[in-house]
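Novice: Below is a structure I'd like to ask you about.
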Amino acid sequence: MHVKGFDVKRKEFTNLGDGTIDWLEVRRAFSDIEYSGYINAELGGGDEAYLLDVSKRLSKIIDGQEI
Amino acid sequence: MKKINRRSFLITSSSGVFAGMAFTGGISATVEASPETFKGKLKKSVFWRMIPDSLSIEERFKLAGRIGLDGVEVPTIEKSHLVGEFREAARKTGITIHSIMNMKHWKYPFSSSDPEDIRTGMKGMETSLQNARDFGADTVLLVPAVVNAQTSYKDAYVRSQKHIRELLPLAEELKLSLQLKTSGTNFCSAPLNLPDMLMSSTALILKLTSMSVILPFTVFRTTGSER
């Protein structure tokens, strides 16, 4: 399952949590179907510090925390 | 087929839901005091090309481990010596290659009218499916069709169904899921179009789980066998 951010007003991709997607609701939808598997970020690349931040944002999605 | 509920995946402002997208009657999200229990289990991964290619394959797998990932999704690996390198690096680091992103489908889509394109596209998918078998991945990501000035929606629909159907026996034999990605393709970008397309594509899809996040990000995962 690919995940990425999006801003509806600006009509552009963003990092996870920087756009207008409600990740709590997305998580709820995953839970409703008892989805088990990967959430796979497909974003622009970067260095280790950036990728660590992406990893932390993925964790927040999984844990139901605000990014 | 599981019924798809209409939901809103957009953050609501104080003045209401953002306009411009197809969802209506959605459920507004509220900030939870404590997270709801999640029924299922989620693991973290990134697409391989997000990790700097200035690093060796093994170094990239080690980086994935340092930042806390469970797995990576890799693009189609065509060179056989690289398959071994990827497999060894994954084994050493404990990072799972869980998915193969097929690469030929943008230039050689299954919606093309050119038989040579289809042949090249099919070979690409066969390689991706073999990669999945070699790595123990359970998913191959395929863009099923591209609608553009050369290819009408109807032709894209009919052609892609035909060719995906040809792949399903191999996917079934390898016990793989095909993940169909429609973002950026102008094809089935409304999530309610996808179940009909998928259900008519083959009798081998016995269970469909569907998820729409936000247009144009509509990703469906199908299983090749009944769970």
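Novice: For the subset of segment A:3-24 comprising residues that are among the basic types (Lys, Arg) and over 11 Å from the mean Cα position of the chain (by Cα), which member is nearest to A:Leu43 (Cα to Cα)?
Specialist: Applying the filter and picking the extreme gives A:Lys11.
Novice: While we're here: So which residues in segment A:14-36 are open to solvent by less than 10 Å² (accessible area, probe 1.4 Å) and more than 7 Å from chain B (Cβ to nearest Cβ)?
Specialist: A:Leu16
Novice: For segment B:106-129, give me the residue count where each residue is in a loop (DSSP other than H, G, I, E, B) and free of Cβ contacts under 8 Å to residues at least 40 places away in the same chain. Can you show your working first?
Specialist: Let us first name the residues in segment B:106-129 that are in a loop (DSSP other than H, G, I, E, B), namely B:106-114.
Now restrict to residues that are free of Cβ contacts under 8 Å to residues at least 40 places away in the same chain: B:107-108, B:114.
Count: 3.
Novice: When you go through B:Ala64, B:Ala149, B:Ala137, B:Ala145 one by one, which is the residue that is surrounded by 23 or more Cβ atoms within 10 Å (Cβ to Cβ) and modelled with pLDDT under 90?
Specialist: Values: B:Ala64 fails: modelled with pLDDT under 90; B:Ala149 fails: surrounded by 23 or more Cβ atoms within 10 Å (Cβ to Cβ); B:Ala137 fails: modelled with pLDDT under 90.
Of the residues listed, the single one that is surrounded by 23 or more Cβ atoms within 10 Å (Cβ to Cβ) and modelled with pLDDT under 90 is B:Ala145.
Novice: Tell me the residue from A:Arg10, A:Arg57 that is more than 8 Å from chain B (Cβ to nearest Cβ) and not in a helix (DSSP H, G or I), please. Explain how you work it out, then say what you get.
Specialist: Values: A:Arg57 fails: not in a helix (DSSP H, G or I).
Only one candidate qualifies: A:Arg10.
Novice: Has segment B:72-93 got any residue that is part of a strand (DSSP E or B), buried (at least 18 other Cβ atoms within 10 Å of the Cβ), within 13 Å of chain A (Cβ to nearest Cβ) and among the hydrophobic types (A, V, I, L, M, F, W, C)? Before you say what the answer is, go through the steps one by one.
Specialist: As a first pass, look at segment B:72-93 and keep what is part of a strand (DSSP E or B): B:72-75.
Next, from what is left, pick out any that are buried (at least 18 other Cβ atoms within 10 Å of the Cβ): B:72-74.
Those left that are additionally within 13 Å of chain A (Cβ to nearest Cβ): B:72-74.
With among the hydrophobic types (A, V, I, L, M, F, W, C) added as a condition, the list becomes B:72, B:74.
The answer is yes, given that some residue of segment B:72-93 is part of a strand (DSSP E or B), buried (at least 18 other Cβ atoms within 10 Å of the Cβ), within 13 Å of chain A (Cβ to nearest Cβ) and among the hydrophobic types (A, V, I, L, M, F, W, C).
The values are calculated or read from the model by the stated rules, or taken from the named source; none is laboratory data. Predicted model, so just to flag it, every value in this text is computed and none were measured. Cβ atoms come from the backbone with ideal geometry, glycine included; neighbour counts cover every protein chain shown. Surface areas here come from the heavy atoms of the whole protein model, side chains and all, with no ligands, DNA or RNA. Shrake-Rupley method; radii C 1.70, N 1.55, O 1.52, S 1.80 Å.
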